[in-house]
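In what follows, a structure is listed as structure tokens, so that the remarks can point back to it.
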Amino acid sequence: MMPRLEPAVENWFTMILHPLKSSPAERRSPRKSSPAIPGGAPKVLLVQLQSVGTSDLHEALQKNGFEVMVKSTLKESISCIASNQFSALICDLHLPAAGDGFTLVNAMRHVHPDAITMIMSEYPALRESLSELLPQADEVLVTPIPARDILSLLKARLKDPKHRALRPREPVATILERHSLSTIQEWITRVNKVEELIAIKLSDNERKGHLGTLLNELIHRLREPRLDEGRAKRSRAAEAHGMAREQQGYSASMLVEESRILQVCIFKTLRNNLNAMDLALVLTDVMTIADEVDSQLTQTMESFSKNRISDHLVEAIAR
């Protein structure tokens, strides 16, 4: 997901990039030739947090015939992208806010779709995940890395300027729907390892009860237009689940534990499919998931409590 910008920077980004965005057809088209600047040296935008003085990479690029523009802030860089033509972008991931590099790579790809984009991170473990999360970047580099290695990669990319094929991205609702059965099975597996829960002897079908319907309600809510904080609807499945659990001998704490495990299983499903998700919506969808599961638990607990009180009244009258 593109990081939230400061208002002033966000306005710059919207004003500058909106009229210059390439069409979807143009972004899908393979690049046919090297994005060199006509009539001049290839121009590189180098964006590093520590830009005081001339870095080794800056010197290496200049010595090899590149025109280099050096910036250190997000706002300066976005303005620069809008007012110049570039063959490549090389930038840090953090400038200094986490993920500023994501914003610059997206900006460069929109304004200069032929430009080579390289992003640098000092965390080796992030290389594979960044490659999946940021498909617009042609190279994800783990620092420290010798300037000559970056130079070699850049030259190779300019000679054969092909972007990595972008995988189609899916909404969270579609992923949860496709993996609903495996999510439920994961829930059953985890629940069957909790001594307090398996003390109630039930078959797997009895154990999962209304879980399939509850997941379908969640998926339906994810597909509805919503604000950051929506309002959950009445769930008859959650109410029926509470009544069934009371009759099966559950306690309130057991209901809470089951709900906690459900959230763990849902988020595990999302984590396992992170490279297929539309990251622009993930945070909002996660908020919706948490809200919906909590709402379902609240309604389950209310039904559970009412049914228990009713049972006690019946017993009292029978006496």
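Since every read-out is calculated from the coordinates, none of them should be taken as a lab result. Since the structure is predicted, the reported quantities are computational estimates derived from the model, not experimental observations. In this analysis, Cβ positions are derived from the backbone assuming ideal geometry, glycine residues included, and neighbour counts consider all displayed protein chains.
Modelled spin labels at Arg178 and Arg236, positioned 7 Å past Cα toward Cβ, are 3.1 nm from each other. The slack in the chain from Thr298 to Ser251, taken as 0.36 nm per residue of separation less the alpha-carbon distance, amounts to 15.5 nm.
Computing FRET efficiency as 1/(1 + (r/R0)^6) for Asp278 and Glu122, where r is the C-beta to C-beta distance and R0 is 22 Å, gives about 0.20. Put simply, when 251-264, 67-80, 201-214 are sorted by average Cβ atoms within 10 angstrom per residue, most first, you get 67-80, 251-264, 201-214. The calculated FRET efficiency for the pair Arg169 and Val142, based on their C-beta separation and a Förster distance of 22 Å, comes to about 0.30. For a modelled paramagnetic label at Asn216, 7 Å from Cα along Cα-to-Cβ, the residues of segment 267-304 in reach, with backbone nitrogen under 19 Å, are 292-293, 296-297, 300.
Length available on full extension from Gln263 to Glu196: 0.36 nm per residue minus the Cα-Cα distance, which gives 22.3 nm.
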